[in-house]
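Worksheet for the structure shown next.
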Amino acid sequence: MASWWDNIGFKKGAGGNVTQDQKNSLIEQAVSTWSRMGLTDDQIAFGIGIMGIESEFYPQAKGTTKNSVEYGLGQFTKRTWGDAVNHYNKRPEHEALHERDIDPVKGRDDLDSQLAVMGPWIRKTWERAGTVPMNRRPTGYSFDELAYGKWHEGQSKPPEDIATGFFHTHRYQAPGMRDYFRETVDRARQALRMRRSKGIYE
């Protein structure tokens, strides 16, 4: 059966832990979760791009850095995951929506919790990138990429440091990586707009 998300691919040589159907189902769940939270289509498309490039849509993906271990769909370090969970639990709308608190330990391995925590963090990262004046945004890079730089390097990271640092790392400049992220976000955005035009909102 055709899915809205068939055109969202895996990174070159990746995707071995998740089938096409599993990937499509995960994206559908993410879209439903984040739409209910009030994220815009641009923010949702950005989140889909994050899951693709960071974890290949695999909820148990693990990656290591020199000083910490990254885990899950958004490849949060333990510290950032704790910050994101706290942000989720302390949101003004959290109580009004009768959401359950997420435990930072138990929630780390739970798919529903990962998606729930990612939603407000995506919005926060996107909005933080939006505060960067136009004359300070990295030349030759899209707004999606600026937001990704802040997701990966930290929301308080100055855009100049992202431009001269992260954007020039092997991780982002490896063959196909940058193109994959931009293509995934664009395809997700297109699919979301097509869904909206047909009256599908989740």
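Looking across the stretch 74-108, just one residue is modelled with pLDDT under 95, touching a strand residue (DSSP E or B) at 6+ places or on another chain (Cβ under 9 Å) and charged (D, E, K, R), and that is K78. Only one residue in G119, G74, G107 is in a loop (DSSP other than H, G, I, E, B) and surrounded by 18 or more Cβ atoms within 10 Å (Cβ to Cβ), so which one is that? Answer to the selection: G74. Against the definition (within 15 Å of A191 (Cα to Cα) and either in contact (Cβ under 8 Å) with a residue 12 or more places away in the chain or among the charged types (D, E, K, R) (or both)), how does N24 come out, yes or no? Yes: the conditions hold for N24. Evaluating D41 against the criteria (1) closer than 22 Å to W5 by Cβ; (2) among the charged types (D, E, K, R); (3) surrounded by 16 or more Cβ atoms within 10 Å (Cβ to Cβ); (4) modelled with pLDDT under 95 leaves one unmet condition, (4).
A single entry from Q155, Q114 fulfils the requirement of being farther than 18 Å from D42 by Cβ and under 14 Å from the mean Cα position of the chain (by Cα): Q114. When the helices (runs of 4 or more DSSP H) confined to the stretch 124-202 are screened for residues that are surrounded by 11 or more Cβ atoms within 10 Å (Cβ to Cβ), of a type in the set (V, I, T) and on the phi < 0 side of the Ramachandran plot, those reaching at least 2 such residues are found at 159-164, 177-197. Counting just the residues of the stretch 3-31 that are of a type in the set (G, A, S) and modelled with pLDDT of 95 or more, which one comes out nearest to G74 (Cα to Cα)? The extreme case among them is A30.
Summed over the stretch 87-108, the residues that are without any contact (Cβ under 8 Å) to a residue 12 or more places away in the chain and under 23 Å from Y148 (Cβ atoms) give a count of 0. Taken together, the criteria place Q60 among residues that are part of a loop (DSSP other than H, G, I, E, B), within 20 Å of V117 (Cβ to Cβ) and either of a type in the set (V, I, T) or within 18 Å of the chain's Cα centre (by Cα) (or both).
The values are calculated or read from the model by the stated rules, or taken from the named source; none is laboratory data. Please read all numbers here as calculations on a predicted model, not as lab measurements. Ideal geometry is used to build each Cβ from the backbone, glycine not excepted, and the neighbour counts take in all protein chains shown.
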